[in-house]
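*Asks:* Have a look at the structure that comes next, please.
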Amino acid sequence: MTQERVFVGIDVAKARLDVHLYPACQALTVSNDRAGMRALTKHLGKQNAVVALEASGGYEKPVARRLTKSGFPVYVLDPAQVRAFARGLRRHAKTDAIDAGTIARCLAATIDEAVVYHPDPLAERLSALVSFRAKLVAESAALKGYRDTINEPTVRRMVQARLLSLKLSVIRLDKEIATLIAGSERLLDRFRLLVSAPGVGPVLASTLLALLPELGRISSKAVAALVGVAPFNRQSGRLDRGGHCHGGRRQIRSVLYMATLSAIRCANPAIATFYERLRRNGKPAKPAIVAAMRKLITTLNAMARDHTPWLQHA
């Protein structure tokens, strides 16, 4: 007799794990340490369990790795998806225990489309380097704006020193990222493929490798939606408000935007021609740039899928 599948939702905090088993509606809490993980795996080992965690800034990764190592199928869900699911259930209260139950029910409803988590230490290290680089670049941009508004000499000197420190840290991270990619034949092949596209430099290529592992494995529409450059229809009855882009992975979108501007201005004739045609046909500048971003990312997706350089897809 086949054992009934149990959907396990885990809300991960720094100190503890709130766990909910669905459809049994059983709840428990364990500490987020080795002892707690041993107790959890022992409890789940008696059941046909599949586990879901919500991405929570990195706290979920050690838990996901440990549960995967223990033989459980693990899914890491998008927080926005979980929140939307909670709204659909009309759950307005929010506690860790309630969140664990929502995660479990969300997995049960979406498991056919969900992707099993597979630990990849190299990819996780690259993701950490790329994400921290983005934080330093954002801090540098904010400080430059602040510097322009300050006349006090001591503050300006301190800001300038911090900017120099940030610049050196970014250079160091760039070297570390390049070394990491060069040391992996798999990453290096994909990196070289991506930078074969005019306008795609090391920053965009490494960002895609780190933060968009789905590239080349999903459809063009799906990759555009993941990045947040896919317009979704908004139509009801006779009312049609046109397509609207929302959601997606902001960090990828920010880097893709800068690469697309470079491609439009000089680096990529195919993207520039596409953008200019849209503008001649009356499309405003911003939607035309978004369309060019969509064309660039979907072409890169096809390149990664077919393992062919830019010239064969342009």
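Rule-based calculations on the coordinates, nothing more; no lab input. Quantities reported herein were computed from a predicted structural model and do not represent experimental measurements. Glycine gets a Cβ as well: all are built from the backbone with ideal geometry, and neighbour counts include every protein chain shown.
*Asks:* What label, among (1) 56, 44, 42; (2) 63, 60, 43; (3) 65, 49, 40, belongs to Cα extents along the principal axes in Å computed from the structure on display?
*Replies:* Calculated Cα extents along the principal axes in Å: the matching label is (2).
*Asks:* Roughly how many debye, to the nearest 20, is the charge dipole of the chain about its Cα centre, given +1 on each Lys and Arg Cβ, -1 on each Asp and Glu Cβ, and no other charges? Could the numbers behind the result be given before it?
*Replies:* Working: 48 positive and 24 negative charges, 157 e Å.
Using Cβ point charges on Lys, Arg, Asp and Glu, the chain gives about 760 debye.
*Asks:* Okay, moving on. What does the charge dipole of the stretch 51-163 about its Cα centre add up to, to the nearest 20 debye, if the Cβ of each Lys and Arg holds +1 and the Cβ of each Asp and Glu holds -1? Don't jump to the answer; show the numbers that get you there.
*Replies:* Details: 18 positive and 12 negative charges, 77 e Å.
With only Lys, Arg, Asp and Glu charged at Cβ, the dipole is about 380 debye.
*Asks:* Angle, helix 202-211 long axis vs. longest principal axis of the chain, Cα atoms, 0 to 90°, nearest 10?
*Replies:* 10
*Asks:* Which of Tyr117, Gln160, Leu300 sits farthest toward the positive end of the charge dipole of the chain, with +1 on the Cβ of Lys and Arg and -1 on the Cβ of Asp and Glu?
*Replies:* Highest projection toward the positive end goes to Gln160.
*Asks:* Out of the trypsin sites (Lys or Arg not before Pro) in the stretch 1-95, which ones are loop residues according to DSSP with at most 16 other C-beta atoms within 10 Å? Before the final figure, lay out the partial values.
*Replies:* Numbers: sites: Arg5, Lys14, Arg16, Arg34, Arg38, Lys42, Lys46, Arg65, Arg66, Lys69, Arg83, Arg87, Arg90, Arg91, Lys94; in loops: Lys14, Lys46, Arg90, Arg91, Lys94.
Answer in residue order: Lys14, Lys46, Arg90, Arg91, Lys94.
*Asks:* Could you work out the relative contact order of the chain, using alpha carbon pairs under 8 angstrom and six or more residues apart, expressed as a whole percent? List each step's numbers first, then the result.
*Replies:* Values: 408 pairs, mean separation 40.5, N = 314.
It comes to 13 percent, rounded to a whole number.
*Asks:* Suppose we keep just the DSSP beta bridges with both residues in the chain; what percent of those would be antiparallel, to 5? List each step's numbers first, then the result.
*Replies:* On the way: 15 of 25 bridges.
Antiparallel bridges make up about 60 percent of those DSSP assigns within the chain.
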